[in-house]
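The values are calculated or read from the model by the stated rules, or taken from the named source; none is laboratory data. Just so you know, these numbers come straight off a predicted model, no measurement behind them. In this analysis, Cβ positions are derived from the backbone assuming ideal geometry, glycine residues included, and neighbour counts consider all displayed protein chains.
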Amino acid sequence: MSALLVGESVCKYFGGLKAVDDVSFELAEGEILGLIGPNGAGKTTLFSVAAGSVPATHGRVLLDGKPVNGKAGYRSVHQGICRTHQIVRPFARLSVLDNVLVGHHYGSPEGSHSSPRDRAMEILDFIGLAERANQLPGELTLAGRKRLEVARALATGPRVLLLDEVVAGLNPVEGKRFVDLIRQIRERGTSIIMIEHVMHAVMGLSDRIMVLDHGRLIAEGNPQDVAHDPQVIEAYLGREDDEDGETVTPSAEERHDA
Amino acid sequence: MSSTRTRTAGRRAGRGLPLWLSPKALGIFVVALVALYLAPLVLSLDGYLHNVVGLTFMFMAAGLAWNWLGGYVGQISFGHAAMFGTGGFVAARLAITFGLPFWLTWVVGGLVAGLYALIWGHPTLRLRGPYFSIATIGVGEATRLVATYWSDFTGGSSGLSLPIGNGPTKYELYWYGLYLLAAVVAISYWLRKSRIGLGLLAIKEDVEAAADVGVNATLYQDAVLFLSGFVVGICGGFYASYQAFIDPLDMFSFDRSISFVLIGVIGGIGTILGPAMGAIVFVVIQEFLLASYPQLYLGLYGTLLIIVILFEPLGLSGLLLRLGKRLGRKPPASTAAGGMGSASADPDGAPPVLTGVPGQDDSKGGTSA
């Protein structure tokens with residue numbers, strides 16, 4: 001398998017804080033790569049660099065051999081890389097359909113479709129929001145808004161999709177549906193990197209998993225090996241089950257540092 | 001979903017037209033244009049009224065152009081007098097010094113105004129919401145001071161008089177105002193309905209999320225500001241021809257900037273019909289009430305602004321929407337996106353998001369029915 005997205009010694013420093021420190025990664029075509037780690041490990045920062053929304057301090061990210069530079073986020077979308085946000089950010093006063101249409105119009109959808117509307121409806125159909133096309137995002141449930149976030153990203157026609165905690169915060173039934181959805185997205189030919197705290201989701205979906213801690217890559221490999229890696233266990237040691245751990249509480253950080 | 005299907009089908013029926021242009025809107029536009037063109041020839045209007053209607057066309061055009069930035073992108077400018085004055089003075093200066101034909105002076109004045117807008121706008125458009133508005137106040141006031149003291153160019157506080165016989169008469173200006181308005185309405189419609197309009201609304205809602213799906217926010221905002229400044233600059237040239245005399249205190253005044261905001265807000269920010277209606281209200285108040293009671297000036301505008309923002313953030317067009325709903329018509333969900341409650345403001349302190357969606361409850365009922 002050839003690598004589609006490559007990170008070469010990516011570093012991102014905020015002043016003295018090394019949020020991401022010398023992380024290299026590869027994403028093969030059609031692969032799902034899981035990205036896990038304790039809170040504050042630098043996962044989302046690595047995402048922002050990979051998505052081209054912020055520039056790397058050192059190192060670089062290549063999509064198909066072409067550098068994704070962090071100067072303008074919109075440009076990397078045109079290159080074929082799109083991210084979703086951990087906290088969903090729909091365009092609140094545009095209808096669900098229009099939200100998806102924005103992605104379609106301004107992304108880089110391959111081939112020209114007979115009608116943007118038909119294409120957007122097709123995506124909404126796939127994602128399971130077709131009946132809600134004319135509603136406002138505020139009328140959807142959290143799961144619905146997360147689906148919308150993914151639908152809008154898919155509409156840009158990405159080759160690489162970066163999913164930031166899309167399963168977190170959903171109830172088990174919705175979470176299960178979302179896992180199936182992510183699998184289907186991959187089957188449609190999109191490569192995926194996902195940050196996820198919900199372990200059964202990330203373990204079940206990922207072909208490979210990368211573990212970050214304090215900005216450094218501490219383990220990488222198939223899900224079983226990573227789950228039994230002593231360093232990974234140590235990084236998570238003393239922490240409660242991480243399923244609802246998306247809020248960074250100072251006490252959790254202290255415990256982690258200790 | 002069914003309504004989506006029918007809408008798509010309706011658009012396809014108008015073959016030959018771009019997807020964003022509905023045949024109905026085109027029809028209304030042409031009929032209105034012809035009617036307004038012929039009106040003074042058929043009806044014998046009182047001369048004063050005729051002139052004021054011509055001036056109203058100009059204010060409508062300026063209000064709509066302000067609205068491209070204020071309503072579509074959600075960047076409320078309190079400094080558009082800077083472009084209005086720049087356009088007016090460049091046009092007047094060109095007419096006086098070089099004796100150029102009036103239409104050319106308007107266009108050049110507009111271009112200079114648009115470029116001026118780009119110069120201060122490119123850096124300041126990175127600010128959002130109230131921060132941008134404050135910056136524009138500074139720009140407007142600074143421009144006014146520079147213009148007042150640059151007497152070689154602007155004539156200082158004694159202003160400039162246009163050469164007699166250079167431009168069209170007030171009577172003829174009615175039609176030039178109409179042409180200007182027609183062009184601006186067409187651009188407004190295009191900006192609103194084409195895919196560009198969707199990108200602008202996305203920028204208004206959330207700049208960063210828009211960038212994450214590929215919208216080049218900087219380019220679009222700059223382009224809209226340039227276009228807005230260009231048209232407002234032409235309006236300044238028109239105003240110079242209309243008054244035959246301009247001075248910096250009037251052209252660059254803060255009141256002037258506020259008047260564009262008022263026209264947009266009273267009529268309904270983010271809509272097309274809104275600023276046009278707002279301009280009528282504005283001119284009626286200015287020409288008929290203020291002539292008799294000049295002391296009421298600012299108080300009246302302030303009161304109007306408060307009433308509109310408190311009770312109907314979509315202004316007069318919001319009232320029309322409500323009326324339409326009473327009569328059983330359901331507006332598309334995104335209509336509400338135009339509201340005064342700009343989502344670009346700090347999301348934490350954003351109760352306006354709710355007030356900006358006056359019809360949300362109703363439209364919920366409409367979809368479930």
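Considering every residue within segment B:216-226, establish whether at least one is in a helix (DSSP H, G or I), in contact with a helix residue (DSSP H, G or I) (Cβ under 8 Å, 6 or more places away or on another chain) and within 30 Å of B:D152 (Cβ to Cβ). Among the residues of segment B:216-226, at least one is in a helix (DSSP H, G or I), in contact with a helix residue (DSSP H, G or I) (Cβ under 8 Å, 6 or more places away or on another chain) and within 30 Å of B:D152 (Cβ to Cβ), which makes the answer yes. B:G270 meets the conditions (1) outside any helix (DSSP H, G or I); (2) in contact (Cβ under 8 Å) with a residue 24 or more places away in the chain; (3) within 26 Å of B:Y48 (Cα to Cα) in every case but one. The failed one is (3).
Taking each residue of segment B:210-232 that is on the phi < 0 side of the Ramachandran plot and within 13 Å of chain A (Cβ to nearest Cβ) and looking for partners that are among the polar types (S, T, N, Q) and surrounded by fewer than 24 Cβ atoms within 10 Å (Cβ to Cβ) with beta-carbon atoms closer than 7 Å, six or more apart or interchain, yields B:D212/A:S53.
Elements of the type helices (runs of 4 or more DSSP H) sitting completely within segment B:59-156 and holding at least 3 residues that are farther than 27 Å from B:G268 by Cβ and without any contact (Cβ under 8 Å) to a residue 60 or more places away in the chain: these cover B:102-124, B:130-149. Condition first: farther than 19 Å from B:L64 by Cα, within 14 Å of chain A (Cβ to nearest Cβ) and not in a helix (DSSP H, G or I). Can you find one or more residues in segment B:183-206 that meet it? Yes. Taking the numbered list (1) assigned by TED's automatic domain parsing to the domain that holds A:D213; (2) crowded, with 24+ Cβ neighbours inside 10 Å in turn, A:G15 passes all entries but (2). For A:L124, the conditions (1) in contact with a helix residue (DSSP H, G or I) (Cβ under 6 Å, 6 or more places away or on another chain); (2) surrounded by fewer than 20 Cβ atoms within 10 Å (Cβ to Cβ) all hold with the exception of (2).
Residues in segment A:146-194 that are basic (K, R) and surrounded by fewer than 22 Cβ atoms within 10 Å (Cβ to Cβ): A:R159, A:K176, A:R177, A:R183, A:R186, A:R188.
Exactly one residue among A:E139, A:E220, A:E196 is out of contact with any His (no Cβ under 8 Å at 6 or more places or on another chain), within 14 Å of chain B (Cβ to nearest Cβ) and of a type in the set (D, E), and that residue is A:E139. Residues considered: A:L5, A:L63. Of these, the only one that is under 15 Å from the mean Cα position of the chain (by Cα) and among the aliphatic types (A, V, I, L, M) is A:L5. For B:V231, the test of being of a type in the set (A, V, I, L, M, F, W, C), crowded, with 24+ Cβ neighbours inside 10 Å and part of a loop (DSSP other than H, G, I, E, B) is failed. Of all the criteria given as (1) of a type outside the set (F, W, Y); (2) buried (at least 20 other Cβ atoms within 10 Å of the Cβ); (3) modelled with pLDDT of 90 or more, the one not satisfied by B:I187 is (2). Within segment B:75-97, being farther than 24 Å from B:A142 by Cβ and surrounded by 24 or more Cβ atoms within 10 Å (Cβ to Cβ) holds for one residue alone: B:A95. The residues of segment A:91-107 that are among the hydrophobic types (A, V, I, L, M, F, W, C) and within 7 Å of chain B (Cβ to nearest Cβ), listed by number, are A:F91, A:A92, A:L94, A:L97, A:L101, A:V102. Every condition in (1) in contact with a Lys or Arg (Cβ under 9 Å, 6 or more places away or on another chain); (2) more than 11 Å from chain B (Cβ to nearest Cβ) holds for A:T84 except the one numbered (2).
Taking the residues in segment B:43-58 that are of a type in the set (A, V, I, L, M) and out of contact with any helix residue (DSSP H, G or I) (no Cβ under 9 Å at 6 or more places or on another chain) as candidates, determine which candidate is surrounded by the fewest Cβ atoms within 10 Å (Cβ to Cβ). So, considering only residues that are of a type in the set (A, V, I, L, M) and out of contact with any helix residue (DSSP H, G or I) (no Cβ under 9 Å at 6 or more places or on another chain), the one surrounded by the fewest Cβ atoms within 10 Å (Cβ to Cβ) is B:L43. Only one of these conditions is not met by B:P40: (1) at pLDDT 80 or above; (2) under 30 Å from B:F245 (Cβ atoms); (3) not basic (K, R). Which number is it? Every condition holds for B:P40 apart from (1).
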